[in-house]
Amino acid sequence: MITKKLGAQTIAFAAPPSIAGHANVVGKKEGDGPLAGSFDLINQDDSFGEKSWEKAESAMQKLALSAALDKAKQSVSVLDYIFAGDLLNQCIGSGFAMRGQDAPFLGLYGACSTMAESLCMASAMLDGGFGEWAAALTSSHFCSAERQYRTPLEYGGQRTPTAQWTVTGSGCIILARDGNGPYVTHATIGKIVDKGIKDANNMGAAMAPAAYETIKAHFQDTGRRPSQYDLIVTGDLGKLGSEILFDLFHKDGMDLNNLTDCGTLIYDLEGQDVHCGGSGCGCSAVVLTGHLLNGMRAGRWKNILFCGTGALLSPTSTQQGESIPCIRHGTLLGIRPRVPLRRAALPHRSNSDRQDPPYPRQDSGDLCGLRRRSGGAWHL
């Protein structure tokens, strides 16, 4: 019997869904950053023609969904599911954006991990044979997030050095059961990790342990090493959180030299005065649907471990003095679909093959579709 579960937390898709289209929409500040050339629409008016910031966020989602469908050469009527979420109370940014879309909708809340979460769930539905087409979609808006989680903009509060800047943007991926890739080959589902951080202006420190635990679980479940990925990308740990994550793995004797973070990529940290970098659901969404997937299609990268990390706090929990529970979900994106799962033993590898020490596998199952190159390295 073929099983799709690897170890404790990872799913290996037997029929990896193909990314048929992807698109993004951003605001002016994001358009002034280093990734401007990877965005589909840069709006100089962060209100997007609407009367409130919350309505602007819904408008962004509609634009991103429409643009992604156009790239996939499909209409919304083909979608079997739309998985979407945002940072607002009751996910109104997504719910209101779906009015009139006439497609089955599943609302999600994973804070800044929502892009990865929606991609995991959409991929699982298609791999399971429950549909042919699905959309994974999320957004955030600086002004709506500031009003909800911190203070109204009119207050003019000072930002701490550890603070991050919520990205105004929306990203959408259209998945198809069949296609030419890139493919979503694996998903590693995170667990709640809470190390007692209570400072809502220090998201990087709060989220880094969750990123560490789930990435480590991915290595354990799959038997892989960091060097087998072209990139390991976190969602929005920012400068401080990325440094903490690197140090945690360094203590394990494992250097993540291919680690990068969407929150440090999207802005010029010093030139745009964003302190530790970008954050928000839209941060990882627009970097993934632009810079990263464009690079994969151009042949720059063949496989990327994309990891979205979310801080599951609320204004109420912060005011009540609660610490911040965090979660991280990961998806493995590859140019080629993985081969069917087989039960196999790990071939012998010489010391020269070992570029970094592996974590012990949690089970002795298959190799998740890995095949061996002539040089002894593993690849999708």
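Every number in this text was worked out from the coordinates using simple rules, so none of it is lab data. Worth saying up front: this structure is predicted, and the values here are computed from it rather than measured. Cβ placement follows ideal geometry from the backbone for every residue including glycine, while neighbour counts extend to all protein chains displayed.
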Within straight-line cross-link reach of Lys198, lysines at Cα separation under 28 Å, skipping those fewer than 8 residues along the same chain: Lys216, Lys239, Lys251
Once every DSSP H run of n ≥ 4 in the chain is given -39500 (n - 2.57) and the sum is divided by its residues, what mean residue ellipticity at 222 nm do you get, rounded to the nearest 500 deg cm²/dmol? -8000 deg cm²/dmol
What distance in nm separates the simple spin-label points at Gln158 and Phe130, each placed 7 Å from Cα in the Cβ direction? 5.0
Normalising by the residue count of the chain, find the relative contact order in percent from Cα pairs under 8 Å and 6+ residues apart. 23
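Counting only DSSP beta bridges with both residues in the chain, what percent are antiparallel, rounded to the nearest 5?
Just about 65 percent of them are antiparallel.
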With charges set only on the Cβ (+1 for Lys and Arg, -1 for Asp and Glu), what does the dipole of region 183-338 come to about its Cα centre, in debye to the nearest 20? 760
The chain: angle of helix 238-251 to the longest principal axis, Cα-based, in degrees nearest 10: 20
If you fit an axis through the alpha-carbon atoms of helix 53-72 and take the longest principal axis of the Cα set of the chain, what angle between them do you get, 0 to 90°, nearest 10? 40
What nm distance separates the two modelled labels at Lys191 and Val76, each placed 7 Å from Cα along Cα→Cβ? 4.0
For region 47-121 the trypsin sites (Lys or Arg not before Pro) that pass both the DSSP coil test and the at-most-11 other-Cβ-within-10 Å test are Lys51, Lys73, Arg99
Antiparallel %, DSSP beta bridges [both residues in region 14-176], to 5: 60
Region 223-295 to region 158-174: how many Å between their Cα centroids? 13
Student exercise: in region 17-96, how many lysine pairs 8 or more apart or on different chains have Cα atoms under 26 Å apart? 12
Expressed as a rounded percentage, what relative contact order does region 14-176 have, with Cα pairs under 8 Å and six or more residues apart? 32
Separation between the Asp32 and Ser323 pseudo-spin-labels, each 7 Å from Cα along Cα→Cβ, expressed in nm? 3.8
Cα centroids of region 1-62 and region 188-215: how far apart, whole angstrom? 22
